[in-house]
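Asker: Pasting a structure below so you can have a look.
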Amino acid sequence: MSEKSKYSFQCLEQQCDTKACHIRPNIRVTIGDLARWTTQGYLMNILPGIDLGVPQAEDEWFYLEAHRKPLKSDAETTACIFYNEEANGCEIRYSRPISCRTYPLAYDGEKFYVLTKDCPGVGKGEISKEALKDLRDLAEQDYRERMETDSALPAIYSVFMAQMVRQSAQAMSRMSEEDRKKMEELLSKERQNGETDESQQGQD
Ligand code: SF4
């Protein structure tokens, strides 16, 4: 008879009325998730619902997360784009992001912890030591993948940006003198508009 663990969790699935996992902030996605969805052939279904966060300040990071939408039942609250409010469930249950599969258990590189007390499944049911080991392994994998994503995304972004700059330079070099002048005028107008918008935002 396998021993029972102190931590217990049982997801209430569609009987859950808190939606805690679906409305939680920052539903992170990892590069590992992208790789799994590619291998499984789901990437093109899921990719439109994934946002790339680009740092706007020095202390900010690049990140990947599920896009959000307002709840029909409460427009003040936003939920994950993959949350089906009518069915009270996940539309990509067949391959959820690792952060959802390990929720509400998490790992910070040193210890395991429960992300939130809002999830009514915490403390419900019983989990064998073996099942808990699987959950902990998944939480550790989630942690490793988040660290890998945090360190790889800036480099991946820079590679894409460098490629785009090279390609636009090549495109400009193939343009006629007249077209290049037109393009430069357009770009400088765009820059001016951008600066005007920024200064306007600064005054607001
Ligand atoms: S991916 Fe699915 S389980 Fe995860 S937050 Fe979105 S709707 Fe919920």
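The values are calculated or read from the model by the stated rules, or taken from the named source; none is laboratory data. The shown structure was predicted, so the numbers you read here are calculated from the model rather than taken from an experiment. Please note: Cβ atoms are built from the backbone with ideal geometry, for glycine as well, and neighbour counts cover all protein chains shown. For accessibility, only protein heavy atoms count, side chains too; no ligands or nucleic acids. Shrake-Rupley method; radii C 1.70, N 1.55, O 1.52, S 1.80 Å.
Asker: Do you know which residues across the range 69-111 are assigned to a strand (DSSP E or B) and without any contact (Cβ under 8 Å) to a residue 40 or more places away in the chain?
Answerer: 69, 70, 84, 106, 107
Asker: Quick check on the range 76-94: of everything there that is surrounded by 15 or more Cβ atoms within 10 Å (Cβ to Cβ) and among the hydroxyl-bearing types (Ser, Thr, Tyr), which residue is nearest to the ligand (Cβ to nearest atom)?
Answerer: Checking each candidate, the answer is 83.
Asker: Looking at 111, 69 in this structure, which one is farther than 21 Å from residue 146 by Cβ, basic (Lys, Arg) and more than 9 Å from the ligand (Cβ to nearest atom)?
Answerer: Just one listed residue meets the conditions, 69.
Asker: Can you find, within the range 112-129, the residue that is farthest from residue 28 (Cα to Cα) among those that are in contact (Cβ under 8 Å) with a residue 60 or more places away in the chain and among the hydroxyl-bearing types (Ser, Thr, Tyr)?
Answerer: Only one residue fits best here, namely 128.
Asker: Something else: Output the residue which, of all residues in the range 23-42 that are in a helix (DSSP H, G or I) and open to solvent by 40 Å² or more (accessible area, probe 1.4 Å), is nearest to the ligand (Cβ to nearest atom).
Answerer: It comes out as 23.
Asker: Restricting attention to the range 147-184, and to residues there that are touching a residue at least 60 places away in the same chain (Cβ under 8 Å) and within 30 Å of residue 114 (Cβ to Cβ), which single residue is most open to solvent (accessible area, probe 1.4 Å)?
Answerer: Looking at residues that are touching a residue at least 60 places away in the same chain (Cβ under 8 Å) and within 30 Å of residue 114 (Cβ to Cβ), I get 148.
Asker: Still on this model: Give 136, 191, 144 a once-over and let me know the one that is open to solvent by 80 Å² or more (accessible area, probe 1.4 Å), at negative phi and not assigned by TED's automatic domain parsing to the domain that holds residue 61.
Answerer: Within the list 136, 191, 144, the selection yields 191.
Asker: Right, residue 62: modelled with pLDDT under 95 and open to solvent by less than 40 Å² (accessible area, probe 1.4 Å) or not?
Answerer: Spelling it out, residue 62 is indeed modelled with pLDDT under 95 and open to solvent by less than 40 Å² (accessible area, probe 1.4 Å).
Asker: Being open to solvent by 30 Å² or more (accessible area, probe 1.4 Å) and in contact with a Pro (Cβ under 9 Å, 6 or more places away or on another chain) narrows it down to one residue among 55, 70, 48; which is it?
Answerer: When all the criteria are applied, what remains is 55.
Asker: So if I check each of 131, 152, 139, 169, which one is among the hydrophobic types (A, V, I, L, M, F, W, C) and more than 30 Å from residue 109 (Cβ to Cβ)?
Answerer: Criteria check complete, one pass: 169.
Asker: Is at least one residue of the range 157-175 within 17 Å of the chain's Cα centre (by Cα), in a helix (DSSP H, G or I) and either closer than 30 Å to residue 46 by Cβ or at pLDDT 90 or above (or both)?
Answerer: Yes, because at least one residue in the range 157-175 is within 17 Å of the chain's Cα centre (by Cα), in a helix (DSSP H, G or I) and either closer than 30 Å to residue 46 by Cβ or at pLDDT 90 or above (or both).
Asker: Kindly indicate whether any position in the range 11-33 is closer than 23 Å to residue 152 by Cα, at pLDDT below 95 and not β-branched (Val, Ile, Thr).
Answerer: Among the residues of the range 11-33, at least one is closer than 23 Å to residue 152 by Cα, at pLDDT below 95 and not β-branched (Val, Ile, Thr), which makes the answer yes.
Asker: Being near the ligand (Cβ under 7 Å from one of its atoms) and touching a helix residue (DSSP H, G or I) at 6+ places or on another chain (Cβ under 8 Å) is the filter here; which residues of the range 95-108 pass it?
Answerer: 97, 100
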